[in-house]
Amino acid sequence: DGPVRGVADVLVGLAEVAAAAGLTRSAVYASFTDRTALLDSLANRHTRLIIGRLARIAGGIADPAEQTRAAIDILAGWFEDEPQLAQALSGHLLPTAPLSDTAVVAAITGILSEGFAARGRDTAPAPTWAHALVGAMSSTITWWSATRTISREQVVDHLFLLVWSGFSGIDTPR
């Protein structure tokens, strides 16, 4: 990732990425047709890393509330650790069309479905909730990353309270 960190800068082209990576322009152009293709590839790589972390949480923490808070913290941590890269890739991590779920949305849908089923609940809300969660968290974490008006712990706590209050309502009769 080191040589491509500069790709977050709007003015950086593939020639600059090639120079930073110590490659020829032709080598970079052989792999990526343009900057968007490079960002898509980088987004896919980081998506896999984020999903791997989410999977470890889902399998390693038994308490659903702790799982939820830890998952939110993963996203906040990624934005905190990689602010320029996260800003550049955030648009590539979200669905760009109504029928094009990203790997992040698909992973959260799966985690929610498994959690609902394990508790004897209907799994039908999982895709809706996954999209809502990804949208709310992405928007909030992007805002927080740019403004830093509150601490990481506070933004995670605020999002957790919002999300968890929605989860706790699953047992509320209609």
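The values are calculated or read from the model by the stated rules, or taken from the named source; none is laboratory data. Keep in mind the model is a prediction, meaning the values are calculated, not measured. Because the Cβ atoms are built from the backbone with ideal geometry, glycine has one as well, and the counts that use them run over all protein chains shown. Protein only, heavy atoms only, side chains kept; ligands, DNA and RNA dropped before computing areas. Shrake-Rupley method; radii C 1.70, N 1.55, O 1.52, S 1.80 Å.
Couple of notes before you dig in:
- Looking across region 116-154, the residues that are over 18 Å from Ala71 (Cα atoms) and aliphatic (A, V, I, L, M) come down to Ala117, Ala118, Ala124, Ala146, Ile150.
- Among the residues of region 139-174, the ones that are at pLDDT below 85 and part of a helix (DSSP H, G or I) come to 6 in all.
- Single condition Glu153 does not satisfy, out of (1) under 22 Å from Asp63 (Cα atoms); (2) in contact with a Ser or Thr (Cβ under 7 Å, 6 or more places away or on another chain): (2)
- Of the residues making up region 107-122, those that are surrounded by 14 or more Cβ atoms within 10 Å (Cβ to Cβ) and not charged (D, E, K, R) are Ala107, Ile108, Thr109, Gly110, Ile111, Leu112, Ser113, Gly115, Phe116.
- Of residues in region 24-46 being closer than 18 Å to Ala103 by Cβ and polar (S, T, N, Q), the one most open to solvent (accessible area, probe 1.4 Å): Asn44
- Qualifying residue in region 71-90 (condition: over 14 Å from the mean Cα position of the chain (by Cα) and in contact (Cβ under 8 Å) with a residue 12 or more places away in the chain): yes
Residue-by-condition table, conditions (1) farther than 22 Å from Val155 by Cβ; (2) at pLDDT 75 or above:
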position	(1), (2)
Gly77	no, yes
Glu80	no, yes
Leu93	no, no
Pro98	yes, no
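- Which listed residue is over 30 Å from Gln154 (Cβ atoms), open to solvent by 40 Å² or more (accessible area, probe 1.4 Å) and either small (Gly, Ala, Ser) or not in a helix (DSSP H, G or I) (or both), from Ala15, Ala19: Ala19
The rows are residues; the columns are (1) hydroxyl-bearing (Ser, Thr, Tyr); (2) touching a residue at least 40 places away in the same chain (Cβ under 8 Å); (3) surrounded by 12 or more Cβ atoms within 10 Å (Cβ to Cβ).
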position: Ala130; (1), (2), (3): no, no, yes
position: Val134; (1), (2), (3): no, yes, yes
position: Ser138; (1), (2), (3): yes, yes, yes
position: Trp144; (1), (2), (3): no, yes, yes
position: Val156; (1), (2), (3): no, yes, yes
